[in-house]
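**Student:** Pasting in a structure now, in structure tokens, and then I'll have a few things to ask.
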Amino acid sequence: MNPIASAPGGADLLLWVALPYICLAVFVVGHVWRYRQDQFGWTSRTTQLLEHRWLRWGSPLFHLGAFAVIAGHVLGLAVPASWTEAAGISEHVYHTGAVALGSVAGITMVTGLGMLCARRLLARRIRRTTDRSDKLLFPLLCATVLLGITTTAAHNVFGGGYDYRSTVSVWFRGIFLLQPQPEAIAGAPLLFRLHALSACLLFAAWPFTRLVHVWSAPIGYLARPYLVYRRRAAVPAPAVHEGPLPGPRAPRRTRRAA
């Protein structure tokens, strides 16, 4: 049975064609506007000086897990199944590896995100620095991450398995190839669709939040030459004067000629 529906309706066109392109347009135009209007705010607005114990563990866990999750999404959504099969990776091997590695990455990301959210809620000094963009970002980011974890657990860990690469991946690639196929995702399970919608909204909110610091990652530091530090030559200490300090000298008198 073909998992792709035959003909999309009006609601499917709105959700799976119009909304993704609107979110992508906001993503691109919003970054241009943010860069031109708020370059000084193009940072992560770190609060390390206010609290560092939770941040010390939460930030690395979240970022490492996020990088792994993004890499898994790129492989699963952007790379067709025929390519991995041509590379000698069977569907069973791919599915087993994706579930195992994705679960580890997801748990790592959720743990780090939970620590960061708890830090922001429980630490009074951090809570006072939370602005409107953070109040939008953190719930949306949590919803997207938790929906992804729940979807994987419900269908591919404890469930019978679902081949999203024949439905969701086809829709995802069609958006960027300007050949949208809303029918490809319209018949996917509800959790997959909710996860896709939350991801679209997250991309639309991206330029207006602290997530813009992703594009300013100091990758250049990896290739930058080392800084050379030279020790100053030893300067002799000034001589210490013993005895009373000399007072002001009296003006010298001169004799007038007779």
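**Student:** Could you list the GluC sites (Glu not before Pro) in region 33-118 that lie in coil according to DSSP, counting only those with at most 12 other Cβ atoms within 10 Å of their Cβ?
**Tutor:** Details: sites: 51, 85, 91; in loops: 51.
In loop regions of region 33-118 (DSSP not H, G, I, E or B), there are no sparsely surrounded GluC sites (Glu not before Pro).
**Student:** Under the Karplus relation 6.51 cos²θ - 1.76 cosθ + 1.60, θ = phi - 60°, what is the ordered set of whole-Hz ³J(HN,Hα) values for region 136-145, x standing for Gly and Pro?
**Tutor:** Residue by residue, region 136-145 yields 8, 5, 5, x, 5, 5, 5, 4, 5, 5 Hz.
**Student:** How big is Rg to Rh over region 83-217, alpha-carbon atoms, Rh as the Kirkwood inverse-mean-distance radius?
**Tutor:** Details: Rg = 17.4 Å, Rh = 17.0 Å.
Expressed as Rg/Rh, it is 1.02.
**Student:** Which whole-number value in Å³ per residue fits the convex hull of the alpha carbons of region 1-150?
**Tutor:** Considering the Cα atoms of region 1-150, their hull volume per residue is 171 Å³.
**Student:** Something else: When ligands, DNA and RNA are left out and all protein chains stay put, how many square angstrom of accessible area per residue does region 50-127 have with a 1.4 Å probe? Write out the running numbers ahead of the final one.
**Tutor:** Working: 4810 Å² over 78 residues.
That works out to 62 Å² per residue.
**Student:** Another one. Can you pull the percent of region 82-211's accessible area that's carbon plus sulfur, 1.4 Å probe, other chains left in place? Don't jump to the answer; show the numbers that get you there.
**Tutor:** On the way: 4690 of 6760 Å².
Whole-percent figure for carbon plus sulfur exposure: 69.
**Student:** So, one more: Cα-Cα pairs above 20 Å in region 119-188: how many percent? Before the final figure, lay out the partial values.
**Tutor:** Numbers: 1314 of 2415 pairs.
Tail fraction, whole percent: 54.
**Student:** Ok, one more. What is the calculated FRET efficiency for residue 50 to residue 93, with r their C-beta to C-beta distance and R₀ = 45 Å, to the nearest 0.05?
**Tutor:** Values: r = 47 Å, r/R0 = 1.04.
Using R0 = 45 Å, I get an efficiency of 0.45.
**Student:** Further question on the same structure: Residue 8: net charge of surrounding residues, Cβ under 14 Å, Lys/Arg +1, Asp/Glu -1, itself excluded?
**Tutor:** Numbers: positive: 193; negative: 12, 183.
Net of charged neighbours comes to -1.
**Student:** Further question on the same structure: In region 10-107, which chymotrypsin sites (Phe, Trp or Tyr not before Pro) fall in coil by DSSP and have 12 or fewer other Cβ atoms within 10 Å? The partial results should precede the final answer.
**Tutor:** Numbers: sites: 16, 21, 27, 33, 35, 40, 42, 54, 57, 62, 67, 83, 94; in loops: 40, 42.
Passing sites in region 10-107 are 40.
The values are calculated or read from the model by the stated rules, or taken from the named source; none is laboratory data. These numbers come from a predicted model, not from an experiment. All Cβ positions, even for glycine, are placed from backbone atoms using ideal geometry, and neighbour counts span all protein chains on display. Keep in mind that these areas ignore ligands, DNA and RNA; they rest on the heavy atoms of the full protein, side chains included. Shrake-Rupley method; radii C 1.70, N 1.55, O 1.52, S 1.80 Å.
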